[in-house]
Amino acid sequence: MKRIYSIGGGKGGSGKSFIATSLGVLLAKQGKRVVLVDLDLGASNLHTLLGQKIPQKGLDAFIDKETRNLEDLALPTTIPNLYLISSTKCSLEIANLFYAQKVKLISAINDLPFDYILLDLGPGTHFNTLDFFLVAPEGLFVATPEPTAIENTFNFIKSVYLRKLKLALKQTNMWYVFKEEIAKLSRGTLKSPMELVDILVKREPEKGKLFEDLLKRLKFKLILNKFRGQVTENLGEQLVDVCNRHLYPSFEFLGNISYDSRVYEAIVARHIFIRKYPYTKTVSDLQTMARTLTEKRQQPAELRISR
Amino acid sequence: MIKKFEDLNYYELFQIPYGASSFEVRQAYKNILAIYEETSLATYSLFTEDERREILSKIEKAFLTLIDEQKRTSYDNALVNSGEVPEDILIERAQKKAIPIFQINQARARGSNLARIRKKIQEKGTRERASVMVKGDVISGNDLKNLRESLGVELEEVFQATKISPTALDAIERDDITNLPPTIYLKSFLKSYAEVLQLDVKTVVEGYLKNVEKQ
Ligand SMILES: Nc1ncnc2c1ncn2[C@@H]1O[C@H](COP(=O)(O)OP(=O)(O)OP(=O)(O)O)[C@@H](O)[C@H]1O
Ligand SMILES: [Mg+2]
């Protein structure tokens, strides 16, 4: 059965690409056919983490309509079963995709014939990043145990909800409602996406409920990276608990990944960390995580943003 | 419908059962404070100062109510009267109060037993857990036994944690149809059994019932 996971989380440098690559390698080693899709357009670096040269073909060919079949752009890596769709050739301008192009790309990603499709996202909350995050029915989000990262994480999640809501409003021709209601707010801005949901439910109970359900169905899995001894032991559980209480109850804690300074060394030396240091705590944490992901459990139905 | 944080009653806020002991209340208080106190990373930047103050004061009020026998009783009554929770909670609490000391110890022992089993299973890792579950959809007593053993859990421990009689447990694991308890009990036993071993309850109950049908 096919599984799609997007890997995002707002904060730059939290380890999204490292984790995407590592999980990709581990899943491939379990014999799954895995494709990594580098969606950090304009700043892609998965090939570097895989110790590969700059790939010759990439997403740009699909966006420029040179290649019709996205699968043709999935290049083999040095790891059997692991493929990479790179975006090194995508210029920064491509980062500003047209909506139609994006919809096409998203639907092509959904159709990729692999067991696991891992989408590596860039930092920040640009709407393209959010749309890519929303491609997968389940998003992994990476945080690190620092106030700045936690702040960005909450912000990222709220932005995902708000984006989902805005798209749904646009698709149902209810965008004007949003405009009207925002104009009514004395603050001029929303406190949180939940506030907008409350407004919608009040205004149009039936439709409002549908919107709320859309948000409730988004599933998030938290990964706490660069975990060190001095951090509150159950910070991950606490975070998920807080999200489940104050946002929607769709959060799950996947686990901690230990900090190891050799991650940096491996990247600098262009070695695949997992291969170079297989007996570290960091790798065993990643392994546990990869196993959790392969445990047979139904993935929620696809939640495409298109159509 | 999901309840908003502001609407949670004290038990929901503390995430404890209505019958929770004062020990559990204190424990829960400690945990929730760790999440919402000013210096907590887990809620960093999530609330304004006012919002946080309000949450903390609600937590404080909840705590002071739940550890005070009298206040708690009238709070419980109010919950029941407002129709928010069924009357059973009052009975549950009354019974709890009445249990003599040796039973309390037993209840404790049961909890710690469960914790020990959980720990064992945790140490075994997820791989073992997953690998035993992948066989077809029929689950025999022998499957359960193998599973339990592969997790390193003794039958005795399951008994301690679930209070299912050893004869019933034995009958279940040996597929001893004639000595199995009636189906409704069997179902609830299987459920507890699965919960203790952290297996998927539905898979186990349905799988085992299919197994019984086949015999
Ligand atoms: N578990 C870890 N232990 C130690 N260092 C780590 C760990 N994970 C990541 N790093 C370090 O953090 C750096 C950034 O990691 P990575 O490039 O994966 O982050 P990113 O979230 O993808 O960043 P961006 O947002 O820019 O795409 C790495 O170069 C590495 O040095
Ligand atoms: Mg990256």
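The values are calculated or read from the model by the stated rules, or taken from the named source; none is laboratory data. Remember, it's a predicted structure, so these values are computed and weren't measured experimentally. As a convention, Cβ positions derive from the backbone with ideal geometry for all residues, glycine included, and neighbour counts pool all protein chains shown. Only protein heavy atoms, including side chains, enter the accessible area calculation; ligands, DNA and RNA are left aside. Shrake-Rupley method; radii C 1.70, N 1.55, O 1.52, S 1.80 Å.
Numbers at a glance
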| item | result |
| --- | --- |
| Separation in nanometres of the label points that stand 7 Å from Cα toward Cβ, at residue B:142 and residue A:107 | 5.2 |
| Cα gyration tensor shape of the protein assembly as shown, rounded if a/c is under 1.5, else prolate or oblate by comparing a/b with b/c | oblate |
| Cross-link pairs beyond the 27 Å C-alpha cut-off, checked among B:61/B:119; A:32/A:65; A:202/B:4 | B:61/B:119; A:32/A:65 |
| Relative packing of peptides A:128-134, A:187-193 - highest average C-beta neighbours within 10 Å first | A:128-134, A:187-193 |
| Separation between Cα centres of region B:61-86 and region B:138-154, rounded to whole Å | 43 |
| Cα gyration tensor category, rounded, prolate or oblate, for region B:5-97 with a/c compared to 1.5 | prolate |
| Cross-link reach list, lysines versus residue A:11, counting only Cα pairs under 25 Å and skipping chain neighbours closer than eight places | A:89, A:102, A:158, A:164, A:166, A:191, A:216, A:219, A:221, A:226, A:281 |
| C-alpha center-to-center spacing [region A:155-199, region A:17-75] in angstrom | 34 |
| Between A and B, accessible area buried - total, square angstrom, nearest 100, 1.4 angstrom probe | 2100 |
| Relative contact order, percent, region B:5-97 [alpha-carbon distance under 8 Å, six or more residues apart] | 29 |
| Relative contact order %, chain A, counting alpha carbon pairs below 8 Å whose residues are six or more apart | 24 |
| Residues of region B:5-97: accessible area per residue with a 1.4 Å probe, Å² | 57 |
| Cα gyration tensor shape of region A:135-283, rounded if a/c is under 1.5, else prolate or oblate by comparing a/b with b/c | prolate |
| Peptide A:233-244, shielding by other chains (average Cβ, 10 Å cutoff) | 4 |
| Amide proton proximity set for residue A:227, modelled H, under 5 Å, gap of 5+ | A:257, A:258, A:259 |
| Within-15-Å neighbourhood charge of residue A:271 [Cβ basis; K, R +1; D, E -1] | +3 |
